1. When you scan segment 56-78, how many residues do you find that are of a type in the set (A, V, I, L, M), farther than 17 Å from R43 by Cα and open to solvent by 20 Å² or more (accessible area, probe 1.4 Å)?
2. Do you know which residues across segment 79-137 are open to solvent by 40 Å² or more (accessible area, probe 1.4 Å), outside any helix (DSSP H, G or I) and of a type in the set (A, V, I, L, M, F, W, C)?
3. Please go through (1) part of a helix (DSSP H, G or I); (2) at pLDDT below 95; (3) within 26 Å of E153 (Cα to Cα) for G23 and return the number of the only condition it doesn't satisfy.
4. Only one of (1) more than 22 Å from S159 (Cα to Cα); (2) in contact with a Ser or Thr (Cβ under 8 Å, 6 or more places away or on another chain) is not met by H94, so which one is it?
5. Return the residues of segment 80-102 that are more than 18 Å from T58 (Cα to Cα) and either modelled with pLDDT under 95 or among the polar types (S, T, N, Q) (or both); say none if nothing qualifies.
6. Within the set of pairs 6+ apart or on separate chains, which have a first residue in segment 160-183 that is at pLDDT 95 or above, a second that is loosely packed, with under 15 Cβ neighbours inside 10 Å, and C-beta atoms under 7 Å apart?
7. All but one of (1) over 24 Å from A171 (Cα atoms); (2) without any contact (Cβ under 8 Å) to a residue 24 or more places away in the chain hold for S136; state the number of the condition that does not hold.
8. What residue, among those in segment 41-55 that are open to solvent by less than 30 Å² (accessible area, probe 1.4 Å) and among the aliphatic types (A, V, I, L, M), is farthest from the chain's Cα centre (by Cα)?
Amino acid sequence: REPGFVFKHALTQDVAYETLLEGHRRALHAAAGRALEALYTGRLEEVYDRLAHHYARTDEAAKAVEYLTRFGARAAGMHAHSDAARALEEALEHVVRLPAGDQDRRLVELAVRLAGSYYFLGRFRDTVKLLGRHHSRLGQLGDGALAGRLCFELAHAHSHLGDNREAVAWAERAIAEARRADD
């Protein structure tokens, strides 16, 4: 109804997009995300990829983390672990914009989920580095089940790296944490 333009060529789209001010771009991505949520109510899983794309380019960190995580889980479920890893890595970048009280749990949960995709990609060193960075947060969380999963993933990665001593140590910690959580 209103006059407008349609840019069909990808390069023309990119040039037009780059001319927008950053704040206006973020607002348009947020509006697109809200429109998708409204259009796909009750079946958001169909558009997790687009919701993740749009909200990751907004100031809405919680929505970005939520949809990147959901898209990552869906991709992993379809054995698209490269896509899952990229989405979860991006989600980790957005977690630092969440309220301080929400960051630790989300960081550890995402790291453990990401380790699952790293396994299928053979990224065992990356798993050890990633989980090693987030292991210290477990004490504050007091969640034995989550601690058990993290320790298991570390044991698994170390075993694939041929570091049996570390693999056994982390496996024993995983078992102890799981028992403590009645898991």
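1. 3
2. V96
3. Among (1) part of a helix (DSSP H, G or I); (2) at pLDDT below 95; (3) within 26 Å of E153 (Cα to Cα), G23 violates only (3).
4. (2)
5. S82, A100, G101, D102
6. Going by the 7 Å Cβ cut-off, the qualifying pairs are L161/R125.
7. (1)
8. Step by step, filter segment 41-55, then rank; the result is V47.
The values are calculated or read from the model by the stated rules, or taken from the named source; none is laboratory data. Keep in mind that what you see is a predicted model, and the values were worked out from it rather than measured. Positions of Cβ are generated from backbone atoms using ideal geometry, with glycine treated the same way; all protein chains shown enter the neighbour counts. For the accessible areas, the whole protein counts, side chains as well, though only heavy atoms, and no ligand, DNA or RNA atoms are used. Shrake-Rupley method; radii C 1.70, N 1.55, O 1.52, S 1.80 Å.
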